[in-house]
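Take a look at the structure below.
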Amino acid sequence: MTTEIIPLGTASAIPTRTRHLSGCALRREGHALLFDCGEGTQYQLLKGGLNRSRLDAVFITHVHGDHLYGLPGLLATLALMNREAPLTLVGPAGLEAILAALPGLERERRSFELRFVELEEGFGHRVVFETDDFTVEARELAHRIFAAGFRFEEKARPGRVDAAKARAAGLTEGGQFEALKRREAVTLADGRVVEPEGLVGPERPGASFAYVLDTRPSDGGRALARGADLVLHEATFAHALLARAVETGHSTAREAAEVARDAGAKKLLLTHFSSRYAEPDALVEEARRLFPNTDAAEELRRYVLGADGVTRG
Ligand SMILES: [Zn+2]
Ligand SMILES: [Zn+2]
């Protein structure tokens, strides 16, 4: 099963003619997640051919407008489409109160249930969303105000059965192969017991994706990015403007590369570019000096976890 990451907006606080405000979709058979929802995000979802009604959950990093102001519009659209399925909203404490204060979004007027998962300052880390085959965990970041980053991770998959060896050992039925996958011994019709050792490979780790913005380099960011197949990290400024990055609670391109390198990530995408950079080329070059597998996130491009240059180890 493939998972696609689709950046929807790569601008920081001020959108430009070519860059939208923060938002990033994750698509996987039967599921769609949204990370941040800056103004205009629902139009980007449309342009990207992403089905809004498929959304399972929205994860808001912090309550700066460039990450949040698209959410009321998106929720209003979902209500007009007569959505009935519940929607999980993960974000900083106070998110529910902010939305409930907007006309039309009061609890009693919604056509569908909003399930809030609110994160308090000092929460450390927490699994905030889980299905049968993946989890999303949150960790605290280091911004001017309370902010959290997120990590999507597929659950580990069972090892592969060496079919030729298993058959040679006497296994014939699908159910026996499934048992081996679960690392259970199989008793054959003639009473012989076949142990899984040597017939099943090691568990295969699932693909992972880290969403790390807005933040200074932090332990939380590094933990989210640990060994990740793909890290989307903010790089608001070039390192020449480090003082400005410190002052505003952001990262430079070089710092984003350091986080990816220290975390042993496989690929880095930079995003959240200051409007002063017409093109992010210089930021990408700066990051590549420390972490060669870096690109600027391209809006509406589909990055497939486990393929397309985003390889799984
Ligand atoms: Zn921002
Ligand atoms: Zn911010």
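The values are calculated or read from the model by the stated rules, or taken from the named source; none is laboratory data. All values derive from a computational prediction rather than experimental measurement. Cβ: placed from backbone, ideal geometry, glycine included. Neighbour counts: every protein chain shown. Areas reflect the complete protein model, heavy atoms only, side chains present, ligands, DNA and RNA absent. Shrake-Rupley method; radii C 1.70, N 1.55, O 1.52, S 1.80 Å.
Karplus-based coupling profile of the range 109-125, in residue order and whole Hz: 9, 7, 7, 9, 7, 9, 9, 8, 10, 9, 9, 9, 3, x, 6, x, 8, with θ = phi - 60° in 6.51 cos²θ - 1.76 cosθ + 1.60 and x standing for Gly or Pro.
Candidates 272, 230, 218 compared by Cα position along the dipole of the range 187-274: farthest toward the positive end lies 272, with charges placed on Cβ.
Equivalent-ellipsoid semi-axes for the chain (Cα gyration tensor, √(5λ), whole Å, largest first): 38, 25, 17.
Rolling a 1.4 Å probe over the heavy atoms of the protein chains gives the range 1-145 an accessible area of 46 Å² per residue. Estimated at the nearest 10 Å², the accessible area of residue 274 is 10 Å² with a 1.4 Å probe.
A run of the chain free of exposed loop cleavage sites, with GluC sites (Glu not before Pro) counted only in DSSP states other than H, G, I, E and B and at most 15 other beta carbons within 10 Å, reaches its longest extent at 204-297. Nonpolar atom fraction for the chain, defined as the carbon and sulfur part of the 1.4 Å probe accessible area, stands at 49 percent.
So for the range 78-173, taking the charge dipole from beta-carbon charges (+1 Lys/Arg, -1 Asp/Glu), which of 159, 91, 104 sits furthest toward the positive end? In the range 78-173, that residue is 159. Take the range 176-215 with all the other protein chains still there, run a 1.4 Å probe, and you get 50 Å² of accessible area per residue. Computed from point charges on the beta carbon alone (+1 for Lys and Arg, -1 for Asp and Glu), the dipole magnitude for the range 83-198 about its Cα centre is near 280 Debye. Between 221, 149, 175, the residue with the greatest mean-square fluctuation in the GNM of the chain (Cα pairs under 10 Å linked by springs) is 175.
Quick one: Debye curve from the C-alpha atoms of the range 1-106, no solvent, what's log10 I(q)/I(0) at q = 0.13 Å⁻¹? For the range 1-106 at q = 0.13 Å⁻¹, log10 I(q)/I(0) is -0.44. For the chain, the Cβ-based charge dipole about the Cα centre amounts to some 520 debye (Lys, Arg positive; Asp, Glu negative; other atoms uncharged). For the range 75-150, the fraction of C-alpha pairs more than 16 angstrom apart is 57%. Largest GNM mean-square fluctuation among 227, 122, 73, using the chain with Cα springs under 10 Å: 122.
Taking amide H as placed 1.01 Å from N in the peptide plane, the amide H of residue 215 sits under 5 Å from that of 251, each at least 5 places away or on another chain. Largest accessible area first, the residues 277, 43, 303 order themselves as 43, 277, 303 under a 1.4 Å probe with ligands, DNA and RNA left out. I want to verify a result. In a Gaussian network model of the chain, Cα cutoff 10 Å, which of these has the top mean-square fluctuation: 281, 56, 214? Greatest mean-square fluctuation among the candidates belongs to 281. Ordered from highest to lowest accessible area with the whole protein assembly present and a 1.4 Å probe, 95, 241 read as 241, 95.
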